[in-house]
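Participant: Have a look at this one.
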Amino acid sequence: MTPLPEGSSPRIGEDDRDAAVRRLQQAYTEQLISHEELDERLDQVLSARTRSELVSALASLPEEDPGTASAIGAISGRIKRRGAWRVPRNLKVDSAFGKVRLDLSRAIIEHPVVDIELQLGTGGARITVPRDAVVDVEGLQTTWKDLRYKAPRDQRPGGPRIRISGALGFGRLEIRHARR
């Protein structure tokens, strides 16, 4: 979970709650907490309404694996990822003047939810997601150009949820589902 400024504690969604449950289960599996403590903390997580209540339920657990977050940046030039690359849980992409091409269609996605934060100046971006992915662009702000995304009519359940947030300056973002 991303740290928030002091005094703010927004409401949580089901994805946040699910991630907290997984962390507790992992801690129990690794014998970091007892069965009684697991039950108590699960009650806290399942009744939590805000981020601070989740943080409280996860207190004293080790931090999540740092391999679940990654950043890619470029001042100019092209950022390109394709093929069988491992997609982290949180991916931050910064590009001032170049093009961004992220192809997740054959990527290794180990997390049910992937957050991609884009900070793009000029230049466009294209993201290809798996055919069964669910895409959420609610957290994305566009300044000059628009977003091109049309959810498929025959959406299949069971794919990863790709949440795209951040800000686009003067470039266009195109999101499309893989055909195969």
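FYI, it's all coordinate maths here, none of it is from the lab. Predicted model only: the values in this text are computed from it and were never measured. Using ideal geometry, Cβ is built from the backbone for each residue, glycine included, and neighbour counts are taken over all protein chains shown.
Participant: Which of the GluC sites (Glu not before Pro) across region 8-57 are loop residues per DSSP, with 16 or fewer other Cβ within 10 Å? Let's see the in-between values first.
Facilitator: Numbers: sites: Glu14, Glu30, Glu36, Glu37, Glu40, Glu53; in loops: Glu30.
Sites meeting the loop and neighbour criteria: Glu30.
Participant: While we're on this one: Label points 7 Å out from Cα along the Cβ direction at Ala84 and Thr142: separation in nm?
Facilitator: The modelled label-to-label distance comes out at 3.5 nm.
Participant: Based only on other Cβ atoms within 10 Å, what is the fewest-to-most ordering of Ser52, Ser76? List each step's numbers first, then the result.
Facilitator: Values: Ser52 15, Ser76 12.
Arranged by neighbour count, lowest to highest, Ser52, Ser76 become Ser76, Ser52.
Participant: Another question, if that's okay. Using only helices, what value at 222 nm comes out for the chain when you add -39,500 (n - 2.57) per DSSP H run of length 4 or more and divide by the total residues, to the nearest 500 deg cm²/dmol? Could you put the intermediate results ahead of the total?
Facilitator: Numbers: 3 runs with 36 residues, N = 180.
Mean residue ellipticity, 222 nm, calculated: -6000 deg cm²/dmol.
Participant: Find how much the distance from Ile75 to Gln26 grows on full extension, using 0.36 nm per residue of separation minus their present alpha carbon separation; answer in nm with one decimal. Each step should come with its number before you reach the end.
Facilitator: On the way: separation 49, 0.36 × 49 = 17.64 nm, distance 3.86 nm.
Difference between extended and current length: 13.8 nm.
Participant: Within a 10 angstrom radius of the beta carbon, how do Thr29, Thr128 rank from fewest other beta carbons to most?
Facilitator: Taking fewest neighbouring Cβ atoms as first place, the list is Thr29, Thr128.
Participant: Amide H to amide H under 5 Å from Ile12: which residues, 5+ apart in sequence or cross-chain, H placed 1.01 Å off N in plane?
Facilitator: Counting only residues 5 or more places away or on other chains, the set is Thr50, Arg51.
Participant: Where nothing but the Cβ of Lys and Arg (+1) and of Asp and Glu (-1) is charged, how large is the charge dipole of the chain around its Cα centre, in debye to the nearest 20?
Facilitator: On the way: 30 positive and 26 negative charges, 365 e Å.
Approximately 1760 debye in magnitude.
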